[in-house]
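Presented below is the structure to which this report refers.
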Amino acid sequence: MPRTSRTAVLICDQCGSEETAPEVTRDNDVVWPLIASSGWTGSPFATGAHRCPRCSITVARPPDTVREAPAPAHGASYDIRVHDDAVVITPLTDVDSSLVEVLRDGLMTAAGRYAHVVVDMRAVHFIDSSGLGLLVRARQEARSHGGTVSLAAPSRFVLTVLHTMRLDAAFPHFPDQETALCQIGTASAQAL
């Protein structure tokens, strides 16, 4: 059966410019590969906000997609907060290769030093293969010291990626940071 060529139209929510691009996925819900390959930014889903390459430079994230995140303690890319025997690392943007370069040292040090690492994903809308690789390496480091790595507030896209890669069971996930810390505290108390 011959395949028909299908195209997608990207519309910038900032300036309204349009770009026609070949469709790279049949899943109308997850369009991140199309967006990333065209130099656009924004939601990994078809219904979210998207920005052209020109507007991506001037607008970090439109107000309707921002989820509250704490003020950064380590530069503008991520935040680290220590809670007893746990540490919470909060990326303040999508976890892609540029953030991985900045985040690697902090996350790997935390995984080797603390019993529990919670990666608060509330400001992360998508994760690429380098980000996923960093999480896997951090989990391996934590496990080698008897520790854990959990995710708080992962987006639907992040959960889909974890499921697709069969890693959803490897990373316990919680609806928010407070629930993750509470569960870790309960588990630690029961272990005593």
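The values are calculated or read from the model by the stated rules, or taken from the named source; none is laboratory data. Not measured: the values here are computed from a predicted model. Here the Cβ is made from the backbone with ideal geometry for all residues, glycine too, and neighbour counts use every protein chain on show. What goes into the accessible areas is simple: the full protein's heavy atoms, side chains included, and nothing from ligands, DNA or RNA. Shrake-Rupley method; radii C 1.70, N 1.55, O 1.52, S 1.80 Å.
Give me the number: length gained by fully extending SER17 to SER129, i.e. 0.36 nm times residue separation minus the C-alpha to C-alpha distance, one decimal in nm.
Here the answer is 37.4 nm.
Hey, rough spin-label estimate for ASP84 and SER98, points 7 angstrom out along Cα→Cβ, what's it come to in nanometres?
3.9 nm
Which far-off residues, 5 or more places away or on another chain, put their amide H under 5 Å from the one on PHE174, with H placed in the peptide plane?
Here the answer is LEU151, ALA152, ALA153, since their amide H atoms fall under 5 Å of that of PHE174.
Residue by residue through region 140-149, which ³J(HN,Hα) values in whole Hz follow from phi under the Karplus form 6.51 cos²θ - 1.76 cosθ + 1.60 (θ = phi - 60°), with glycine and proline marked x?
4, 4, 4, 5, 5, 10, x, x, 10, 10
According to a simple spin-label model (label point 7 Å from Cα along Cα-to-Cβ), what is the distance in nm between THR164 and HIS145?
Modelled inter-label distance: 3.2 nm.
How much accessible area does THR20 have with a 1.4 Å probe, in Å² rounded to the nearest 10?
Rounded to the nearest 10, the figure is 90 Å².
If we sort 87-99, 111-123 on the protection proxy, mean other Cβ atoms within 10 Å, highest first, what's the order?
By packing density, highest mean first, the sequence is 111-123, 87-99.
Put a dot 7 Å past each Cα toward the Cβ at CYS182 and VAL136; how far apart are the dots in nm?
Result for the modelled spin labels: 3.3 nm.
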